[in-house]
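> Please find one structure pasted underneath; my questions will follow.
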Amino acid sequence: MRIVLVGPPGAGKGTQAHLLAKTLSIPHISTGDLFRANIGQGTPLGLEAKSYMDAGRLVPDEVTIGMAKDRMLQPDAANGFLLDGFPRNLGQAKALDEFLAEQGIALDGVLDLEVPEDEVVRRIAGRRLCRNDGGHVFHVDYNPPKAEGVCDECGGELYQRSDDTEEKVRTRLEVYHTETEPIIAYYDEQGLVATIPALGKVDEVTQRAIKALKQDS
């Protein structure tokens, strides 16, 4: 299956992408992984992306699209893939359609993880990370530490990332509504979109997504 996963920040896309890809036996292709791999390997696209990032500029769509195309042509993606974070806007969505058409294939579905905006803010703004290398993550409401500001695992200091404040989260949501949400309408016109309520337990959300894919196949 060839699937695109979309949803606002804090919807649980990374978690669901990993679980769905494993269940469906297809590779999980995320934008973050594409950038890290290309930059780490020093590919031409990676070097180009790094030059923009080092200058504090946005990486152009054509660079991101090029990385995604290269990844989708890898042998492990021959029978399908799950795209997470790509396409991010209409231009990327149309480029993806053109690329797939050239390969004689098409998307099987677009899963839209739906979460109320206030819940997105609560999820992200409530996160607290340990400053030590263990990467332990807590949440003031859903997974609070035993002692405020102290990691249960190692006693390290817990902190809130600078881009996890409510103000920054709402700004990120505005960007999502402006840039990414239009691709949902674009794919809906093609009859590809299944809206998945993303509240509840992780495995419940996964099962909703699997059920939606089976209904559409």
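> Taking 8 Å as the Cα distance limit and 6 or more residues as the minimum spacing, I'd like the relative contact order of region 99-182 as a percentage.
On the way: 73 pairs, mean separation 21.2, N = 84.
In percent, rounded to a whole number, it is 25.
> Shape of region 61-137 from its Cα gyration tensor (a ≥ b ≥ c, root eigenvalues): rounded if a/c is under 1.5, otherwise prolate when a/b > b/c, or oblate?
Since a/c reaches 1.5 and a/b is larger than b/c, the shape of region 61-137 is classed as prolate.
> Which log10 I(q)/I(0) values does region 1-112 give at q = 0.10, 0.12, 0.17 Å⁻¹ under the Debye formula, counting every alpha carbon as one identical point scatterer?
-0.28, -0.40, -0.83
> Number of Lys pairs in region 1-124 with C-alpha atoms less than 21 angstrom apart, excluding same-chain neighbours closer than eight positions?
Taking region 1-124 as the scope, the lysine pair count is 4.
> Taking only C-alpha pairs under 8 Å that are 6+ residues apart, what is the relative contact order of the chain in percent?
Computed over the chain, the figure is 27 percent.
> Stretched out fully, how many nm does the piece from residue 57 to residue 195 gain, at 0.36 nm a residue minus the Cα gap? Each step should come with its number before you reach the end.
Details: separation 138, 0.36 × 138 = 49.68 nm, distance 3.31 nm.
Extra length from residue 57 to residue 195 when fully extended: 46.4 nm.
> So if I take the centroid of the Cα atoms in region 167-217 and the same for region 2-50, what is the distance between those two points in Å?
The two parts, judged by their Cα centres, are 16 Å apart.
> Report the number of Lys pairs in region 116-217 whose alpha-carbons are under 28 Å apart, with separation of 8 or more residues or on distinct chains.
Lysine pair count for region 116-217: 5.
> Report the extension gain between residue 171 and residue 154 in nm, rounded to one decimal, defined as 0.36 nm multiplied by the number of residues separating them, less their alpha carbon distance.
Separation in residues times 0.36 nm, less the Cα-Cα distance, equals 2.8 nm.
> Could you grab the Rg to Rh ratio for region 94-195? Cα atoms only, Kirkwood for Rh.
1.16
> What order, most packed first, do the peptides 156-167, 50-61, 120-131 have when packing is the mean number of other Cβ atoms within 10 Å of each residue?
120-131, 156-167, 50-61
> Here are labelled values, (i) 0.98; (ii) 0.95; (iii) 1.07, and one is the computed Rg/Rh (Cα atoms, Kirkwood Rh) for what I pasted. Which one?
(i)
> Roughly what angle does helix 44-54 make with the longest principal axis of the chain, taking Cα atoms, 0 to 90 degrees, to the nearest 10?
For helix 44-54, the angle is close to 40 degrees.
> Below 8 Å between Cα atoms, with a sequence gap of 6+, how large is the relative contact order for region 1-115 in percent?
48
> Let me ask something else about it. Per residue of region 55-65, in order, report the coupling 6.51 cos²θ - 1.76 cosθ + 1.60 (Karplus, θ = phi - 60°) as ³J(HN,Hα) in whole Hz, putting x for Gly and Pro.
8, x, 10, 6, 6, x, 3, 5, 6, 4, 4
> Name the long-range amide H neighbours of residue 136: under 5 Å, sequence gap of 5 or more, or other chain; modelled H, no Pro or chain starts.
Excluding prolines and chain starts, which carry no amide H, the hits are 130.
> Next question, about the same structure. Which value, in Å³ per residue, describes the convex hull spanned by the Cα atoms of region 153-192?
For region 153-192, the hull spanned by Cα atoms encloses 96 Å³ per residue.
Just so you know, all these numbers are worked out from the coordinates, no wet-lab data involved. Here the structure is a predicted model, which means the values were calculated and not measured. Positions of Cβ are backbone-derived with ideal geometry, glycine not excepted, and every protein chain shown enters the neighbour counts.
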